[in-house]
Number of protein chains: 2
Amino acid sequence: MTWIDELIEIVGPDGLSTGESVKAQHARDFSYHHGHQPDVVVFPTNARQVSRIMQVAYRYQIPVIAYGQGTGVEGHTIPLQSGITIDFANMNRVVAVRPEDFVVQVEPGITRQALNKILGPYGLFFPVDPGADASLGGMASTNAAGTEALRYGAMRQHVLGLEVVLADGRVMRLGGPTMKSSAGYQLTSLFVGAEGTLGILTELTLKVYAIPQLTVAARAVFNTIEDAGEAATEMIMHGVAANRLELMDEQTIHSVNVVEGTEFPEQPTLFLELAGNHHNALLEDLETCRSVASDHGTSDWTVEWDADRRQALWHARHKAALDILAASGGSHPFTTDTAVPLSALPRALRHARETLNRMGIQGAVLGHVGDGNYHIVMGINPEDPHQLDQARAVNEAVIRYAWEQGGTCTGEHGIGMGKTRFLREERGESSALYWLIKDALDPHNLLNPGKTIPLRD
Amino acid sequence: MTWIDELIEIVGPDGLSTGESVKAQHARDFSYHHGHQPDVVVFPTNARQVSRIMQVAYRYQIPVIAYGQGTGVEGHTIPLQSGITIDFANMNRVVAVRPEDFVVQVEPGITRQALNKILGPYGLFFPVDPGADASLGGMASTNAAGTEALRYGAMRQHVLGLEVVLADGRVMRLGGPTMKSSAGYQLTSLFVGAEGTLGILTELTLKVYAIPQLTVAARAVFNTIEDAGEAATEMIMHGVAANRLELMDEQTIHSVNVVEGTEFPEQPTLFLELAGNHHNALLEDLETCRSVASDHGTSDWTVEWDADRRQALWHARHKAALDILAASGGSHPFTTDTAVPLSALPRALRHARETLNRMGIQGAVLGHVGDGNYHIVMGINPEDPHQLDQARAVNEAVIRYAWEQGGTCTGEHGIGMGKTRFLREERGESSALYWLIKDALDPHNLLNPGKTIPLRD
């Protein structure tokens with residue numbers, strides 16, 4: 001019996017595929033990274049099956065990748081050494097909604113929009129929003145953040161408990177449904193963001209929130225990117241109840257106008273969303289934001305309370321990444337992901353724009369400015385070595401700039417296969433710790449090999 | 001040359017003590033746990049010295065304990081196998097205040113009150129408040145939480161970066177001054193709460209906050225402990241801007257009255273602190289709380305805005321632990337630390353009170369009710385085996401009850417030497433992970449041996 005036969009015994013013939021189209025679909029993610037096919041894709045329906053799959057993989061020493069929606073942008077789910085891809089499409093249930101505990105237990109395959117659809121009738125929502133309709137397992141594995149992280153934090157702060165299958169197939173339960181715990185080492189935080197290199201997540205216990213009663217959106221247009229960045233930083237310092245605080249530069253708005261046929265002023269623009277339960281407090285915070293924007297020379301200040309009109313106001317931001325891709329004529333996005341200390345953000349945004357201009361490369365600058373994390377998005381054709389080299393040069397330039405400010409090469413997208421060498425340089429000798437942990441938990445390097453941590457010295 | 005001579009070469013003769021009084025001072029913590037003396041106490045002044053101390057300890061295979069203020073309550077700093085205690089009294093500086101980044105870098109020996117004195121003039125504060133004036137290094141090592149965790153979270157959410165000395169003396173730098181990072185495994189979260197068993201913290205980069213413009217305190221008296229617990233849970237569900245939400249039961253108030261000569265109604269009482277930047281919003285939240293309290297039959301609702309009067313209103317809560325000790329005639333506190341899912345809290349509080357009554361033991365029930373974490377405090381004489389047995393029986397009873405609700409044996413005090421066997425039972429086979437991590441980072445078990453993780457099977 002081959003190892004594939006053994007896998008079929010576990011998941012049944014319908015739970016496994018070696019078909020070319022299925023393998024091709026699991027060869028890439030959303031990004032520019034070159035694809036590579038797995039040998040086989042399995043679709044387990046429960047943790048017991050995942051455990052048995054890992055036992056087979058361990059016995060035959062076959063690499064394993066966990067796959068949710070493939071919306072990562074650093075090649076996390078690309079099986080560099082082939083092997084088994086575990087697709088969680090059939091493990092997408094809500095195990096329990098516990099509204100009175102502000103807790104929900106889910107399988108890793110459920111997407112964030114599906115989860116929020118289930119939570120809505122309870123008056124609850126899950127706030128982490130990385131843009132794409134990613135799976136919760138994938139979001140946890142990459143410590144996803146996105147636009148609402150400013151207020152609610154990233155995935156790590158929302159994963160209270162985990163069920164994890166280790167490389168040898170053992171099933172571990174970490175954390176639980178309490179808001180606080182000091183019981184032993186905090187291993188949930190270690191598996192969150194480990195990108196499937198330490199274990200396979202099979203269940204998540206998540207913290208959820210009451211939906212705020214009131215939400216208001218605003219948009220402010222500025223003359224320069226520093227003006228916009230400084231205004232954003234100042235709004236944060238005033239402690240306004242901002243859920244989201246996003247910046248798009250003039251080129252980004254231009255791309256949206258070209259693709260969507262809109263006529264937004266092609267200048268650096270801040271998008272705000274404030275939320276709370278008190279109308280007067282929101283009005284006061286809005287007035288604070290308007291006044292700060294005005295101090296920084298805003299020429300256009302628009303406010304919307306109505307849900308549909310809020311959506312329309314935020315439309316440009318929501319479409320930005322796809323529109324940039326379309327406007328550039330590129331086939332895939334190459335996205336930088338640097339984060340800097342808060343005060344360094346305005347000049348970092350300027351540096352990002354100037355880097356693109358100096359190198360003559362089309363790209364958009366946009367940022368989660370409330371937490372110092374910003375992106376350059378370039379649409380490229382990854383088969384064109386020149387385009388790829390150029391985008392890589394931009395990436396390296398902004399990473400080195402962020403390091404000079406005390407920042408990091410990745411605020412929220414993770415390391416994947418794209419940034420292992422930067423991580424090595426960023427952490428220096430401290431990188432040694434990563435291998436101490438990896439060797440302890442995955443001694444044969446079967447779990448997502450080649451990702452997340454620097455190559456061994 | 002002995003290993004003590006080698007240590008003197010590192011820290012100088014004034015930086016080391018083998019005196020009986022110094023050793024006795026480092027033999028105990030704040031709790032009932034039996035003391036044990038170190039062989040030597042060293043007082044390094046910088047990370048380089050700590051690294052060299054660890055190199056000596058590693059070479060001679062001598063156990064090492066990190067010591068801040070000794071305010072732990074689970075014996076964390078008691079050197080069970082003697083060896084070297086590193087006291088951080090001379091490493092208590094603020095390395096940098098970066099108000100524009102909402103970041104401060106400190107040495108581990110600084111206490112939280114000293115830090116807040118330095119932050120105040122910048123309009124900033126550090127919110128984690130475990131009650132005692134603990135050192136930040138100790139607070140990080142135990143993932144301390146306390147009364148403001150409801151709003152701001154525990155230590156783990158505030159440690160952005162760490163400098164750590166490993167068992168073999170290598171110095172590692174983890175994280176940094178950015179609000180977001182997805183760069184490699186999240187190792188700051190692993191060392192926070194590891195109670196000095198994985199490495200020695202020598203510098204912390206912490207997230208700080210703007211002081212809210214307005215603060216208001218309130219107190220509500222209830223007929224039963226469930227009424228109080230249910231009211232607290234309901235207030236949280238309404239999303240009021242509570243910094244602190246604390247419950248004391250009738251026996252606790254009685255102890256305060258006896259010791260302080262006050263005349264508080266001897267009934268279950270909720271203490272609230274709300275804070276924000278909008279007067280109307282606070283008034284609305286206060287009204288929500290009052291209305292919820294009234295629905296649960298409150299007989300006494302007091303509000304104070306003035307800073308001194310707020311202090312006076314909270315006086316009973318602040319004195320509770322010490323007054324319970326004094327009223328009981330015990331010499332040391334024995335404190336339980338269970339946490340349960342939010343909805344289980346009211347009946348858990350009732351269970352705690354009934355357990356004390358059933359066993360005829362004097363003790364106070366108090367809780368950080370906003371996050372499901374509650375304590376029984378018993379004043380005991382640890383030299384009296386009967387008292388110790390009784391307190392242990394209470395502890396075991398509430399832990400088993402919390403487990404039945406899906407809770408944990410420790411919400412914020414940690415495992416130390418007091419709860420390793422409970423951790424083993426709580427985590428079951430998943431305990432194996434702890435030793436995988438411990439062996440990877442401290443293969444000779446030199447760092448705080450016998451603490452934090454269950455004994456090896």
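When B:His34 is represented by a point 7 angstrom out along its Cα-to-C-beta vector, the spacings to that point in the other copies are 6.6 nm, nearest first.
Within the range A:337-457, the proportion of C-alpha pairs whose separation exceeds 16 Å stands at 64%.
Each residue of the range A:34-39 was assigned a 3J(HN,Hα) from its phi angle through the Karplus curve 6.51 cos²θ - 1.76 cosθ + 1.60 (θ = phi - 60°); the sequence is 4, x, 7, 8, x, 6 Hz, with glycine and proline shown as x. Rg and Dmax, both from the Cα atoms of the range A:91-210 and both in Å, are 13.2, 40. The residues B:Ile4, B:Ile200, B:Ile399, B:Ile253, when put in order of fewest to most other Cβ atoms within 10 Å, stand as B:Ile4, B:Ile399, B:Ile253, B:Ile200. The phi-based Karplus calculation (6.51 cos²θ - 1.76 cosθ + 1.60; θ = phi - 60°) puts the 3J(HN,Hα) values of the range A:76-92 at 3, 9, 7, x, 3, 10, 6, x, 9, 9, 9, 8, 8, 4, 8, 10, 10 Hz, whole numbers, x for Gly and Pro. Annotation for the range A:1-73 versus the range A:166-187: alpha-carbon center distance of 25 Å. Using the empirical formula 2.2 N^0.38 Å as the baseline, the Cα radius of gyration of the range B:214-404 reaches a ratio of 1.02.
Rounded to the nearest 5, the antiparallel percentage of DSSP beta bridges internal to the range B:1-136 is 50%. Here, the range B:3-89 yields an orientationally averaged convex hull projection of 5.1 nm² when only Cα atoms define the hull. The Cα center of the range A:100-142 and the Cα center of the range A:273-331 differ in position by 24 Å. Between B:Met237 and A:Asn46, the FRET efficiency from the beta-carbon distance, with R0 = 35 Å, is close to 0.60. Database remark: amide H of A:Gly193 closer than 5 angstrom to the amide H of A:Ser141, A:Thr142, A:Asn143 (H placed geometrically; neighbours at sequence offset of 5 or more, or on other chains; Pro and chain starts carry no H).
Counting charges near A:Gly184 (Lys, Arg +1; Asp, Glu -1) among other residues having Cβ under 11 Å from its Cβ returns a value of +3. In chain B the Cα-Cα distances spread across 10 Å bins starting at 0 as 4, 20, 30, 26, 15, 4, 0, 0 percent of all pairs. Percent of Cα-Cα pairs per 10 Å bin, from 0 to the last occupied bin, for the range B:178-236, please list those. Calculated P(r), rounded to whole percents: 14, 25, 18, 30, 13, 0. For chain A, relative contact order (Cα pairs under 8 Å, six or more residues apart, normalised by length) works out to 16 percent.
The mean count of C-beta atoms from other chains within 10 Å of the C-beta of residues in B:194-206, rounded to a whole number, is 1. A compact globular protein would have a Cα radius of gyration near 2.2 N^0.38 Å; the ratio found for the protein assembly as shown is 0.94. Between this copy and the others, label points of A:His238 are 2.8 nm apart in ascending order, each placed 7 angstrom from Cα in the Cβ direction. Mean residue ellipticity at 222 nm, helices only, chain A: -11000 deg cm²/dmol; runs of at least 4 DSSP H residues each add -39,500 (n - 2.57), and the sum is divided by the number of residues. Sequence-distant contacts, meaning Cα pairs under 8 Å at least 6 residues apart, place the relative contact order of the range A:218-323 at 42 percent.
Could you compute how fast the range A:230-342 diffuses translationally, taking Rh as the Kirkwood radius over C-alpha pairs and applying Stokes-Einstein at 37 °C with viscosity 0.692 mPa s? Give it in µm² per second. The diffusion coefficient I find is 213 µm²/s.
Straight Cα distances below 27 angstrom link A:Lys207 to the lysines A:Lys117, A:Lys180, B:Lys180, B:Lys207, B:Lys419, with same-chain residues fewer than 8 positions distant left out.
Neighbour counts of C-beta atoms inside 10 Å place A:Glu383, B:Glu412 in the sequence A:Glu383, B:Glu412, starting with the fewest. Fewest-first ordering of A:Thr252, B:Thr233 by other beta carbons within 10 Å of each residue's beta carbon gives B:Thr233, A:Thr252.
Each peptide among A:339-345, B:260-266 gets the average number of other Cβ atoms lying within 10 Å of its residues, and from highest to lowest they stand as A:339-345, B:260-266. Computed 3J(HN,Hα) for the range A:19-31, one whole-Hz value per residue from the Karplus formula 6.51 cos²θ - 1.76 cosθ + 1.60 where θ = phi - 60°, is x, 4, 5, 5, 5, 5, 5, 9, 8, 10, 10, 6, 9, glycine and proline marked x. Taking amide H as placed 1.01 Å from N in the peptide plane, A:Gly35 has no amide H partner under 5 Å among residues 5 or more places away or on another chain. With all distinct Cα pairs included, what does the Kirkwood hydrodynamic radius of the range A:328-397 come out to in Å, to one decimal, could you say? Across the range A:328-397, the inverse of the average 1/r is 12.3 Å. Multiplying the residue separation of B:Trp305 and B:Asp389 by 0.36 nm and removing their Cα-Cα distance gives an extension gain of 25.8 nm.
Inter-copy label distances for B:Asp308: 5.9 nm (label point placed 7 Å from Cα along Cα→Cβ; shortest first). For A:His413, enumerate residues with amide H under 5 Å from its amide H, sequence gap 5+ or separate chain, H modeled in the peptide plane. Long-range HN contacts for A:His413: none found. Here the simple spin-label model places points 7 Å from the Cα toward Cβ, and for B:Glu396 and A:Glu20 these points are separated by 6.7 nm.
Taking every C-alpha pair closer than 8 Å and separated by at least 6 residues, the mean separation divided by the residue count of the range B:214-404 gives a relative contact order of 28 percent.
Just so you know, all these numbers are worked out from the coordinates, no wet-lab data involved. Given the structure is predicted, the values throughout are model-derived calculations rather than measurements. Quick reminder, even Gly has a Cβ in these numbers, built from the backbone with ideal geometry, and neighbours come from all protein chains shown.
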